[in-house]
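Engineer: Structure provided below as structure tokens; questions to follow.
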Amino acid sequence: MVGGLTRRALAAAALLALPRLGRAAAPERLGFDDLYAGWSVMGLRFSDRVKAMAGQQAVITGFMAPPLKADGTFFVLTREPMSLCPFCSTDAEWPADIVVAYLKAEVAPSRFDAPIEVVGRLEIGSWTDPETGFVSQLRLQDAHARRL
């Protein structure tokens, strides 16, 4: 007996403290309002929540902007439906709070006004895609999407 606890009670407590083996933690849901804390002279500032979640699985619901090509391994996720392709218009026409989803496998585009849910590993910070030259601040890597 240790401090009033039996070995059996200590072992049970230790087992409860261990993460569940074979089961990954459920991804944390993020909304577009959760992404940024505000503006600074350097542009948008990531929220503390987003900074804390960097590298973890996240799920975000939004809309698939029209992709560059019919079947692709990435697309732009937006808060509101956007009927314009992000590669076919200027920055001024695009909202700042977009998320680029890089998919595990090709996906056919969905209707621009149909909501989708995307799950992937959250990456933050400026990054330029070496294949397309597309610059992003927020990304979901190794993602998968499903229509709602």
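Engineer: One residue is enough: does the stretch 57-66 have a residue meeting the conditions hydroxyl-bearing (Ser, Thr, Tyr), at negative phi and either modelled with pLDDT of 80 or more or within 19 Å of the chain's Cα centre (by Cα) (or both)?
Structural biologist: Looking for residues that are hydroxyl-bearing (Ser, Thr, Tyr), at negative phi and either modelled with pLDDT of 80 or more or within 19 Å of the chain's Cα centre (by Cα) (or both), one finds at least one in the stretch 57-66, hence yes.
Engineer: Please go through the stretch 44-73 and give me each residue that is in contact (Cβ under 8 Å) with a residue 60 or more places away in the chain and part of a strand (DSSP E or B), ordered by number.
Structural biologist: Correct list: 44, 46, 57, 58, 59, 60, 61, 64.
Engineer: Output the number of residues of the stretch 24-69 satisfying the condition of being more than 18 Å from residue 118 (Cα to Cα), hydrophobic (A, V, I, L, M, F, W, C) and out of contact with any strand residue (DSSP E or B) (no Cβ under 6 Å at 6 or more places or on another chain).
Structural biologist: Of the residues in that region, 5 qualify.
Engineer: Considering each residue of the stretch 67-99, count those that are modelled with pLDDT under 70 and either closer than 16 Å to residue 30 by Cβ or surrounded by 13 or more Cβ atoms within 10 Å (Cβ to Cβ) (or both), and give that number.
Structural biologist: Final tally of qualifying residues: 5.
The values are calculated or read from the model by the stated rules, or taken from the named source; none is laboratory data. Just so we're clear, the structure is a prediction, and the values are computed from it rather than from any experiment. Cβ coordinates were reconstructed from backbone atoms using ideal geometry, including for glycine residues, and neighbour counts include every protein chain displayed.
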